[in-house]
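The values are calculated or read from the model by the stated rules, or taken from the named source; none is laboratory data. From a predicted model like this one, the values you see are computed outputs, not experimental measurements. All Cβ positions, glycine included, derive from the backbone under ideal geometry; neighbour counts span all protein chains shown. To get the accessible areas, we keep the full protein, side chains included, count just its heavy atoms, and leave off ligands, DNA and RNA. Shrake-Rupley method; radii C 1.70, N 1.55, O 1.52, S 1.80 Å.
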Amino acid sequence: MPATLPKIKAAIRDIPDFPKAGIVFKDITPLLQDAELFKSTIERLAGPFQRKGITHVASMESRGFIFGAPVAYILGAGYVPVRKKGKLPSKLISHTFDLEYGTDTLEMHVDSMDASSRVLIIDDVLATGGTARATCQLVQKLKAKVVGLSFVIELEFLHGREKLNGYEVTSLLRY
């Protein structure tokens, strides 16, 4: 029987003042260390998209990789890593986006998907939505369809979901 959401939530610990003062970091490592909870989390991330014809799962570095690859496996889909600038070796597309202070760039291989692809985007946390939105834009540059986005944690007070209007967004836990 899959672990309940309260059990999954209980395995995520708060680390105050990390990575800097005033931030309460949601540490997922205890969740990852428990086989039952980790398996249940993967199944729950994939669940809403089981019958939606997903051909590819894309996830962002680095913690998104932990969840994206096993979700792709469950869905019988290909896996596409979305990396920060300079980390991928082949021909790339990139998207630069604004952060609170500065910019960041994400990249993906140009041959990772095409117009026939139906893509699920996975990450551990939906915070401000900038990284998730940039990933959607990368997928769309390759003419693929973003079917949805699935997150383990959503930090509702940061309003990241607002940057993802028009997409199906699911999150297991909301804070």
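Taking residue 100 and the conditions (1) open to solvent by 30 Å² or more (accessible area, probe 1.4 Å); (2) over 30 Å from residue 7 (Cβ atoms); (3) at pLDDT 95 or above; (4) not β-branched (Val, Ile, Thr), which numbered condition does it fall short on, given that it satisfies the others?
Status for residue 100: all satisfied but (3).
Would you tally the residues in segment 60-97 being small (Gly, Ala, Ser) and exposed (fewer than 13 other Cβ atoms within 10 Å of the Cβ)? Break it down into steps so the answer makes sense when it comes.
Pass one, segment 60-97, residues small (Gly, Ala, Ser): 62, 64, 68-69, 72, 76-78, 86, 90, 94.
Then keep just the ones that are exposed (fewer than 13 other Cβ atoms within 10 Å of the Cβ); that gives 62, 76, 86, 90.
Total satisfying the criteria: 4.
Going by the structure shown, is residue 163 open to solvent by 10 Å² or more (accessible area, probe 1.4 Å), outside any helix (DSSP H, G or I), of a type in the set (D, E, K, R) and over 28 Å from residue 39 (Cα atoms)? Working first, answer last.
Values: open to solvent by 10 Å² or more (accessible area, probe 1.4 Å): yes; outside any helix (DSSP H, G or I): no; of a type in the set (D, E, K, R): yes; over 28 Å from residue 39 (Cα atoms): yes.
So residue 163 fails the test.
Out of (1) open to solvent by 10 Å² or more (accessible area, probe 1.4 Å); (2) touching a residue at least 24 places away in the same chain (Cβ under 8 Å); (3) outside any loop (DSSP other than H, G, I, E, B); (4) of a type outside the set (Val, Ile, Thr), what's the single condition that is false for residue 143?
For residue 143, the exception is condition (3).
Could you list, in sequence order, all residues of segment 138-175 that are small (Gly, Ala, Ser) and in contact with a Lys or Arg (Cβ under 9 Å, 6 or more places away or on another chain)? Can you show your working first?
So in segment 138-175, the residues small (Gly, Ala, Ser) come out as 144, 148, 150, 160, 166, 171.
If the condition is that a residue be small (Gly, Ala, Ser) and in contact with a Lys or Arg (Cβ under 9 Å, 6 or more places away or on another chain), then 144, 148, 150, 160, 171 are the ones that fit.
Could you grab me the full set of residues in segment 5-49 that are in contact (Cβ under 8 Å) with a residue 40 or more places away in the chain and of a type in the set (S, T, N, Q)?
Answer for segment 5-49, where residues must be in contact (Cβ under 8 Å) with a residue 40 or more places away in the chain and of a type in the set (S, T, N, Q): just 41.
Consider only pairs whose beta carbons are under 9 Å apart and that are at least six residues apart or on different chains; among these, list those whose first residue lies in segment 121-134 and is part of a helix (DSSP H, G or I) and of a type in the set (Lys, Arg) and whose second residue is surrounded by fewer than 24 Cβ atoms within 10 Å (Cβ to Cβ) and at pLDDT below 95.
133/97
Where residues in segment 22-59 are of a type in the set (A, V, I, L, M) and in contact with a strand residue (DSSP E or B) (Cβ under 7 Å, 6 or more places away or on another chain), which of them is surrounded by the fewest Cβ atoms within 10 Å (Cβ to Cβ)?
Selected residue: 24.
Within segment 101-120, which residues are among the small types (Gly, Ala, Ser) and in contact (Cβ under 8 Å) with a residue 60 or more places away in the chain?
Taking segment 101-120 and keeping what is among the small types (Gly, Ala, Ser), we get 102, 112, 115-117.
Of everything in segment 101-120, those that are among the small types (Gly, Ala, Ser) and in contact (Cβ under 8 Å) with a residue 60 or more places away in the chain turn out to be 116, 117.
For residue 19, work out the one condition from (1) at pLDDT below 95; (2) open to solvent by less than 80 Å² (accessible area, probe 1.4 Å) it doesn't fulfil.
Residue 19 satisfies all of (1) at pLDDT below 95; (2) open to solvent by less than 80 Å² (accessible area, probe 1.4 Å) except (2).
Tell me, which residue of segment 103-132 that is among the aliphatic types (A, V, I, L, M) and more than 16 Å from the chain's Cα centre (by Cα) is most open to solvent (accessible area, probe 1.4 Å)?
To start, the set of residues in segment 103-132 that are among the aliphatic types (A, V, I, L, M) comprises 106, 108, 110, 113, 115, 119-122, 125-127, 132.
Among the residues that remain, those that are also more than 16 Å from the chain's Cα centre (by Cα) are: 110, 113, 115.
Values: 110: 45, 113: 15, 115: 74 Å².
Per the criteria, the residue is 115.
Of the conditions (1) over 18 Å from residue 113 (Cβ atoms); (2) without any contact (Cβ under 8 Å) to a residue 40 or more places away in the chain; (3) over 20 Å from the mean Cα position of the chain (by Cα); (4) open to solvent by 60 Å² or more (accessible area, probe 1.4 Å), residue 2 clears all except one; give me its number.
Of everything listed in (1) over 18 Å from residue 113 (Cβ atoms); (2) without any contact (Cβ under 8 Å) to a residue 40 or more places away in the chain; (3) over 20 Å from the mean Cα position of the chain (by Cα); (4) open to solvent by 60 Å² or more (accessible area, probe 1.4 Å), residue 2 misses just condition (2).
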